[in-house]
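What follows is a single structure, written as structure tokens, with notes after it.
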């Protein structure tokens with residue numbers, strides 16, 4: 001949805017939207033809501049999927065409130081809408097994580113995230129997970145950044161752009177950083 | 001190219017974020033989005049990348065921004081143009097070099113075929129007429145009606161002209177000698 005001031009119904013003299021325009025606003029809201037809901041479903045974690053509709057509603061309301069508050073003078077591109085979706089989702093994840101950390105007993109939540117079904121597999125998985133963080137911390141700063149971005153899924157070109165260096169250097173940093181990371185993991189007896 | 005090994009590393013990294021707790025110094029979602037979209041200055045961007053290394057929760061926030069296409073939606077023009085792609089592949093430099101070489105070749109060819117200058121072939125003295133000064137002198141002599149004097153003046157002018165009329169001088173010393181295929185084909189005296 002690309003929401004501009006032309007999409008919004010014209011305000012009346014006293015600032016309230018006339019009733020005839022309420023239908024138009026609802027149409028826009030519905031269009032926006034479906035777009036937001038699609039974005040939420042795309043990235044929402046599985047454990048939060050039951051609340052996807054609520055999150056879509058919150059994000060839609062936030063965009064519309066902002067649009068009305070600025071009297072339609074600001075253009076709300078798709079980038080803005082998706083940025084709002086991201087913000088709403090992250091806020092919700094953080095809020096629930098904080099609550100869950102308090103409510104659940106230590107270690108209890110790990111069981112659900114382990115890809116292995118048995119305790120041994122889970123123990124190996126946790127060891128592997130923690131070893132990666134330890135080894136990442138030991139890498140040279142520039143290599144650590146490049147490896148982190150690579151593991152996040154960025155391409156070499158994107159990594160270079162984010163780190164402010166050219167493609168060749170980004171490739172070199174990523175390659176050497178990954179070699180260091182594997183070497184570190186091997187030294188701890190861990191093979192990914 | 002990502003290997004399966006890298007995928008396993010990524011999966012472990014992401015799994016860590018599922019159980020992590022946000023810290024007090026975590027940047028808000030808006031700043032992380034702007035970092036992914038490269039809207040933040042480099043130093044602030046790098047600070048957030050460094051933070052994601054030690055904070056799995058923020059690593060997840062970064063990944064969510066990526067999956068929502070923060071970069072693509074903010075930087076639509078990131079895709080390189082055709083010229084940029086050619087430049088990156090080196091084809092543009094090769095094409096430019098080829099054009100320069102071709103142009104130099106054409107210039108050499110033109111100079112080569114122009115070497116036997118026509119005025120020298122027809123009359124050695126006419127080569128002198130290339131300059132305005134000699135043209136005016138020739139016209140003055142011809143206007144006076146002194147043809148023999150004009151011819152002598154032409155020859156003297158040819159003798160005095162450095163460089164340009166070497167061929168003309170050689171022609172006058174050795175009138176029977178011909179130079180160049182065009183003159184042979186023309187069978188000029």
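Search region A:51-90 for residues being more than 23 Å from residue B:32 (Cβ to Cβ) and touching a helix residue (DSSP H, G or I) at 6+ places or on another chain (Cβ under 8 Å), and hand back the single one that is modelled with the lowest pLDDT. Only one residue tops the list, namely A:64. Can you pull out the residues in region B:20-43 that are farther than 22 Å from residue A:85 by Cα and either facing chain A (nearest Cβ under 8 Å) or in contact with a helix residue (DSSP H, G or I) (Cβ under 7 Å, 6 or more places away or on another chain) (or both)? Answer for region B:20-43, where residues must be farther than 22 Å from residue A:85 by Cα and either facing chain A (nearest Cβ under 8 Å) or in contact with a helix residue (DSSP H, G or I) (Cβ under 7 Å, 6 or more places away or on another chain) (or both): just B:42. Among the conditions (1) modelled with pLDDT under 90; (2) over 30 Å from residue A:187 (Cα atoms), residue A:121 misses just one, which is (2). In region B:1-16, the residues that are more than 7 Å from every other protein chain (Cβ to nearest Cβ) form Cβ pairs under 8 Å with partners that are modelled with pLDDT under 80, at six or more places apart or across chains, as follows: B:11/A:115.
The single condition among (1) more than 7 Å from every other protein chain (Cβ to nearest Cβ); (2) surrounded by 21 or more Cβ atoms within 10 Å (Cβ to Cβ) that residue B:52 does not satisfy is (1).
Conditions tested, residue by residue: (1) loosely packed, with under 13 Cβ neighbours inside 10 Å; (2) at pLDDT 90 or above; (3) at the interface with chain A (Cβ under 7 Å from one of its Cβ atoms).
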{"position": "B:48", "(1), (2), (3)": "no, yes, no"}
{"position": "B:63", "(1), (2), (3)": "no, yes, yes"}
{"position": "B:83", "(1), (2), (3)": "yes, no, no"}
{"position": "B:86", "(1), (2), (3)": "no, no, no"}
{"position": "B:89", "(1), (2), (3)": "yes, no, no"}
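The criterion of being under 24 Å from the mean Cα position of the chain (by Cα) and at the interface with chain B (Cβ under 8 Å from one of its Cβ atoms) holds for residue A:137.
I need a count of the residues in region A:164-175 that are more than 7 Å from every other protein chain (Cβ to nearest Cβ) and either farther than 21 Å from residue A:138 by Cα or touching a helix residue (DSSP H, G or I) at 6+ places or on another chain (Cβ under 6 Å) (or both). So the answer is 8.
With respect to the numbered conditions (1) over 22 Å from residue A:135 (Cα atoms); (2) modelled with pLDDT under 80; (3) in contact with a helix residue (DSSP H, G or I) (Cβ under 8 Å, 6 or more places away or on another chain), which one is the sole condition not fulfilled by residue B:77? Just one mismatch for residue B:77, condition (3). In the set A:100, A:143, only one residue is more than 7 Å from chain B (Cβ to nearest Cβ), modelled with pLDDT of 90 or more and out of contact with any strand residue (DSSP E or B) (no Cβ under 8 Å at 6 or more places or on another chain); that residue is A:143.
The values are calculated or read from the model by the stated rules, or taken from the named source; none is laboratory data. Quick caveat, the model's predicted, so the values are computed rather than measured. Backbone-built Cβ (ideal geometry, glycine too); neighbour counts: all protein chains shown.
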